[in-house]
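Taking it in order: structure first as structure tokens, then the write-up.
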């Protein structure tokens, strides 16, 4: 059963997610996937400049929407936050889960990474439990080929029961095929047999008990089997979302509540508690993902990531991890502070030379002193100091910081510092935002949205203000100071 196109809760959804169709023929496509699989690259390659960003109403979570025309059809692409599963463990994952389940989408494109497809299949399997209107986009095919990893797209499509398209979004390869598959799904819907996860016999009996009650409900928006599983799981956030968006308060339905209690008693009778139940559900999905990956993926060089593992064993070790981190960050700060002095001095000398010329021009024009003070001593000199002092260190620090991020070292920094931050009742991810704070405090505070806990997020936002950004620590040379003091009207 696919996603709902019914009007129930539609007003709430439109207000909550800000997805508005200009006309009834437009189709809404949700772009889902794990973080760092190239989802945003796919989005940007398709939509180009026809996009806009903002926050989900009531949430400090960024959303991006864009329009794309293909064969006289207009698609509204929604780049939802990255997520690892539908078991929402953060504000971003909750927003993404709610949009996929209740966002009135015509289809879901799940973007995966061809170099680590097995890990991404866990989310694919979970989304397939919600809807069959799915297209799996296996991105980074060029990177996989470079690592001698080959994905059998046809076999993967056969196993999952949905269209699977290989892409290299950075070069645009495969995107037309992707949109053709999306068009076919939105026009015809996917009624073919898709993969259905079979759980332990006891769990299947419990699902059957609850599903018989769910099927009697008047609302048919979501897959009844998936709702039954989530009722058994006791996902409170999802139950609140069902009530909010679909006006379904399942636990107030007496007949359904009795079936749920019967199913829980059956679990208890078989020695399955809450934690064991969730482990059994997760392990089944993981093992199925492993089986699918082993069938559809061929790796010619099994040792392709040995170098990465060896590097990890050094940069995240207890003995060398912290010293290496201090050394690298210290080198970046030294390059930023020392290196910025030279361009800063050159820029300041030029800008204050210009100030001298402006002062001479004002004197020739016999301009009033207050005019010179306002425009030259006030506006221009302030601008000159800001540019000469702040531009060079920012131009050095952020590229170096980006280089560490591209090399994958920043997550290792968070890993190394996680225990220390936890002892301080803070979150390990704050290490990344604090490092960013040395470049700009505003960016450091905005970056705190990656922290899941509201309490630890607030701690990070407050304490990141005390990190000296690079606009504070570079010091101008005495020659510049003396030169600026000589500029009198």
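Laboratory data are not the source of any read-out in this text; all were calculated from the coordinates shown. Nothing here was measured: the structure is a model prediction, and the numbers come from that model. Cβ sites come from the backbone with ideal geometry, for glycine too, and all protein chains shown count toward neighbours.
Our Cα-only numbers for the stretch 201-272 put the radius of gyration and Dmax at 11.6, 35 Å. Distance between the modelled labels on residue 194 and residue 282, one decimal in nanometres: 2.4 nm (7 Å Cα→Cβ projection). By the count of neighbouring beta-carbon atoms within 10 Å, fewest first, 370, 353, 385 end up ordered 370, 353, 385.
The label-point distance for residue 363 and residue 244, in a model that sets each label 7 Å from Cα toward Cβ, rounds to 6.7 nm.
Using R0 = 30 Å, the C-beta based FRET efficiency linking residue 274 and residue 425 works out to 0.65.
Counted by neighbouring Cβ atoms within 10 Å, the residues 425, 435, 206 run from fewest to most as 425, 435, 206. Estimated from the Cβ-Cβ distance and a Förster radius of 51 angstrom, the FRET efficiency linking residue 341 and residue 301 is about 0.65. Stretching the chain fully between residue 26 and residue 318 yields a gain of 99.7 nm (0.36 nm per residue, less the alpha carbon separation). In plain terms, the residue of 319, 381 with the fewest other Cβ atoms within 10 Å comes first and the most crowded comes last, giving 319, 381. For the stretch 321-466, the alpha-carbon radius of gyration amounts to 1.43 times the rule-of-thumb value 2.2 N^0.38 Å expected for a compact globular protein. Work out the FRET efficiency for residue 291 and residue 453 from their Cβ-Cβ distance, taking R0 = 35 Å, and round it to the nearest 0.05. It comes to 0.50.
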